[in-house]
Amino acid sequence: MGDEEFADYIARRLAGLRGVAAVSLGGSRASGASRPDSDWDFSVYYRGRFDPGDLGALGWPGEVSAIGGWGGGVFNGGAWLRVEGRPVDVHYRDLDDVEHRIAEAREGRFRVERLMFHLAGIPTYLVVAELALHRVLRGSLPRPEYPEKLRITASQRWSADARLTLGYARGGHAARGHVVETAGLIATAAAQAAHAALAGRGEWITNEKTLLDRAGLRSVDAVVSGLAADPEQLTRAVDAAERLLGLSPPAHGR
């Protein structure tokens, strides 16, 4: 099957599952930036009852989680599958919850949740960003603009988090010569500062794969390369990251 035929095939099978109201294609396959080996990321939007067992019954090999099986929160489960030799990810999206997140985002409200493989975690407005960026293959879904209130609150929150992260890196680890912890916190602060930059510009993003590049902060790589267990060097690295990320020191360190 060609790519369009493959996407239509998966969408048709997913749309036929009980409770599913819409199916979208996301990630690089939707943005046009995919490579030949890129995953296929689909989201199923359901209302009321959705049974992941129905997805498993399609017979595609792989791992199908329960609802909430990926830690709960807005990223509430999904499946890693292999279909016609291609890697396919399916994400579960509860429309009632998604509509709540849209309303919260309009008022500038959100939380940051832990999610595997993400340095800074994910904002709960991620599911709103998906609606704005994904390609709808079945059903109908809203396509929200970036709310002005969210631009302000998200930029402020992420910037504050980045400042606090670097403040702790300086006093809690750099001063003790802890290389791994210092480098890890610099990386986390860079991701947080990048979220702040994109929020300030009103640009949606759904993961961290291109986060630093889009925010223009890739040069932070040089800050964490060649670190040694030297408190003075590590402190200079934190200071350099602070300048590069455009952050001022926190008023009160920890």
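Could you give me the residue pairs with C-beta distances under 9 Å whose first residue belongs to the stretch 63-89 and is aromatic (Phe, Trp, Tyr), whose second residue is open to solvent by 50 Å² or more (accessible area, probe 1.4 Å) wherever it lies, and which are 6+ apart or on separate chains?
So the pair list comes out as Trp70/Met116; Trp80/Asp39; Trp80/Gly62; Trp80/Glu63; Trp80/Val64.
Give Ala175, Ala162, Ala132 a once-over and let me know the one that is open to solvent by less than 10 Å² (accessible area, probe 1.4 Å) and outside any loop (DSSP other than H, G, I, E, B). Please lay out each step first, then the result.
Numbers: Ala175 fails: open to solvent by less than 10 Å² (accessible area, probe 1.4 Å); Ala132 fails: open to solvent by less than 10 Å² (accessible area, probe 1.4 Å).
Result of the check over Ala175, Ala162, Ala132: Ala162.
Which members of the stretch 135-159 meet the condition of being assigned to a helix (DSSP H, G or I), small (Gly, Ala, Ser) and either open to solvent by 30 Å² or more (accessible area, probe 1.4 Å) or under 14 Å from Arg111 (Cα atoms) (or both)? Break it down stepwise before answering.
From the stretch 135-159, those assigned to a helix (DSSP H, G or I) are 148-159; that's our starting set.
Going one step further and asking which of them are small (Gly, Ala, Ser), we end up with 154-155, 159.
Correct list: Ala154, Ser155.
Tell me whether the stretch 117-129 contains one or more residues that are at pLDDT 95 or above, of a type in the set (A, V, I, L, M) and either on the phi > 0 side of the Ramachandran plot or in a loop (DSSP other than H, G, I, E, B) (or both).
Scanning the stretch 117-129 turns up at least one residue that is at pLDDT 95 or above, of a type in the set (A, V, I, L, M) and either on the phi > 0 side of the Ramachandran plot or in a loop (DSSP other than H, G, I, E, B) (or both).
With closer than 30 Å to Arg143 by Cβ, in contact with a Gly (Cβ under 9 Å, 6 or more places away or on another chain) and either open to solvent by less than 20 Å² (accessible area, probe 1.4 Å) or touching a residue at least 40 places away in the same chain (Cβ under 8 Å) (or both) as the only criterion, which of Ala228, Ala193 stands out? Write out each step before concluding.
On the way: Ala228 fails: closer than 30 Å to Arg143 by Cβ.
On inspection, the qualifying residue turns out to be Ala193.
The values are calculated or read from the model by the stated rules, or taken from the named source; none is laboratory data. Note that the structure is a prediction, hence the values are computed from the model and not measured. Every residue, glycine among them, receives a Cβ derived from its backbone with ideal geometry; neighbour counts consider all protein chains shown. Ligands, DNA and RNA are excluded from the accessible area calculation, which covers all protein heavy atoms including side chains. Shrake-Rupley method; radii C 1.70, N 1.55, O 1.52, S 1.80 Å.
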